[in-house]
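The values are calculated or read from the model by the stated rules, or taken from the named source; none is laboratory data. Just so it is clear, the structure is predicted and the values come from calculations on it, not from any experiment. FYI the Cβ positions are ideal-geometry reconstructions off the backbone, even for glycines, and counts take in every protein chain you see.
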Amino acid sequence: MVMEAETKIELRSVRELEYLDRSLDIYTHSRTSEIHPDIIRKRLYPPVVVTDKRIVWGFGIIRSARHLGEELLLCNKTGEEGMFEALKLSLELENRPRKYSWFEKVRIVKLSSGKNQLDEIGNLVEGKDDPEWYKRVLLFESLPETLQHLVEEEKLDLKTANDVKGLPPGVFDTIAEGKITFSQRRIILRLLKEIAKRDELGDKAVLETLKSAMKHKDPVSYVERLRYPELTGMRERFDSLYKKYLSGSKIRLYPPPYFEGSDFTLQFNFSGKRNFEKKIEYLEKLKGVIDEFLELLR
């Protein structure tokens, strides 16, 4: 146990508990939040942990008891050791390392004081010694609210959210409503930031650009075209040529990255002499039009 003070199991009035400090009511998804009513009624739950001044752990049990009209609760009264020791005990009892939400971690950090305390509880929060854990939490806390929820719901990573947080707030509401993938969301926001910086767009123009992209059948391609108009044109030209000359051939032709360089990559498989000859026929056809592909190189 984190606290080594004497403890005492006793029945306490639910009404009486209302007058104790509730600063440690910090868990959104506490493992005490979904205890079956019968367990509450039969007093089979783990005792609520309290001190003379505060409730340390078991707020979900208290709420359930109040909802069920229970008047008394089993409590484990422990000695008063100060807020930080109470927080450590609460984390030990909650026992959810690596499973705390971002918002829960923000509350945990706020109840700690200084680097030493944050380092001390890092293993209880993250399940390992991680001296950077609370810095990520502070970074999360600095995000606009909509971005916080995107990160909390795992719809965006923290690094991307921090990189694009300077975009107009309406952008994040619009992107949150869109039915797109995690990867698409990241790409669109990063490209939109680059477009806004390059073209010195105002907030309204940035938002209108995003709204237009979200209406498009392929929002990522729409934004990529705005960010890299020349490269997008070359990709479309390449795709058109490939379809014209190699469609159905099962020959794969790859241009160099961003069409910068001098080497295309050609790849195909064959089975038997006739199939090989068919591939050669396509390559002979390609030989006569290869200049159309080479003109795309920069």
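Does any residue of the stretch 60-81 turn out to be touching a helix residue (DSSP H, G or I) at 6+ places or on another chain (Cβ under 9 Å), acidic (Asp, Glu) and under 29 Å from Gly122 (Cβ atoms)?
yes
Could you say whether any residue in the stretch 2-15 is of a type in the set (A, V, I, L, M, F, W, C), modelled with pLDDT under 95 and within 30 Å of Pro144 (Cα to Cα)?
no
Select the helices (runs of 4 or more DSSP H) contained entirely in the stretch 18-125, then report the ones holding at least 1 residues which are free of Cβ contacts under 8 Å to residues at least 60 places away in the same chain, among the aromatic types (Phe, Trp, Tyr) and outside the structural domain of Glu154 (by TED's automatic domain parsing). Break it down stepwise before answering.
Numbers: elements: 37-41, 59-68, 83-94, 102-110.
Counting at least 1 such residues, we get 59-68, 83-94, 102-110.
Just the residues that are buried (at least 18 other Cβ atoms within 10 Å of the Cβ) and among the hydroxyl-bearing types (Ser, Thr, Tyr), please, taken from the stretch 94-116.
Once the filter is applied, which keeps residues that are buried (at least 18 other Cβ atoms within 10 Å of the Cβ) and among the hydroxyl-bearing types (Ser, Thr, Tyr), the stretch 94-116 yields Tyr100, Ser112.
Report, ordered by the first and then the second residue, all pairs with beta carbons closer than 9 Å, sequence separation of six or more or different chains, a first member in the stretch 187-200 that is in contact (Cβ under 8 Å) with a residue 24 or more places away in the chain, and a second member that is loosely packed, with under 15 Cβ neighbours inside 10 Å and among the aliphatic types (A, V, I, L, M).
From residues that are in contact (Cβ under 8 Å) with a residue 24 or more places away in the chain, the pairs are Ala196/Ala205.
Cβ-Cβ below 8 Å, separation at least six or inter-chain, first residue in the stretch 207-236 and modelled with pLDDT of 90 or more, second part of a helix (DSSP H, G or I) and of a type in the set (Phe, Trp, Tyr): which pairs?
Partner pairs satisfying both residue conditions: Ser212/Tyr222; Ala213/Tyr222; His216/Tyr222.
Going residue by residue through the stretch 13-22, is there one that turns out to be polar (S, T, N, Q) and surrounded by 17 or more Cβ atoms within 10 Å (Cβ to Cβ)?
Restricting attention to the stretch 13-22, the residues satisfying the condition of being polar (S, T, N, Q) are 13.
Imposing the further condition that a residue be surrounded by 17 or more Cβ atoms within 10 Å (Cβ to Cβ) reduces the set to none.
For the stretch 13-22, residues polar (S, T, N, Q) and surrounded by 17 or more Cβ atoms within 10 Å (Cβ to Cβ): absent.
Determine whether Val171 is part of a helix (DSSP H, G or I) and over 27 Å from Leu226 (Cα atoms). First the steps, then the outcome.
Values: part of a helix (DSSP H, G or I): yes; over 27 Å from Leu226 (Cα atoms): no.
So Val171 does not fit the description; no.
Looking for whichever is in the same structural domain as Glu152 (by TED's automatic domain parsing), exposed (fewer than 15 other Cβ atoms within 10 Å of the Cβ), farther than 18 Å from Glu295 by Cβ and modelled with pLDDT of 90 or more here; the options are Lys273, Lys204, Lys193, Lys250. Which one fits?
Values: Lys273 fails: in the same structural domain as Glu152 (by TED's automatic domain parsing); Lys193 fails: exposed (fewer than 15 other Cβ atoms within 10 Å of the Cβ); Lys250 fails: in the same structural domain as Glu152 (by TED's automatic domain parsing).
Selected residue: Lys204, the only one of Lys273, Lys204, Lys193, Lys250 that is in the same structural domain as Glu152 (by TED's automatic domain parsing), exposed (fewer than 15 other Cβ atoms within 10 Å of the Cβ), farther than 18 Å from Glu295 by Cβ and modelled with pLDDT of 90 or more.
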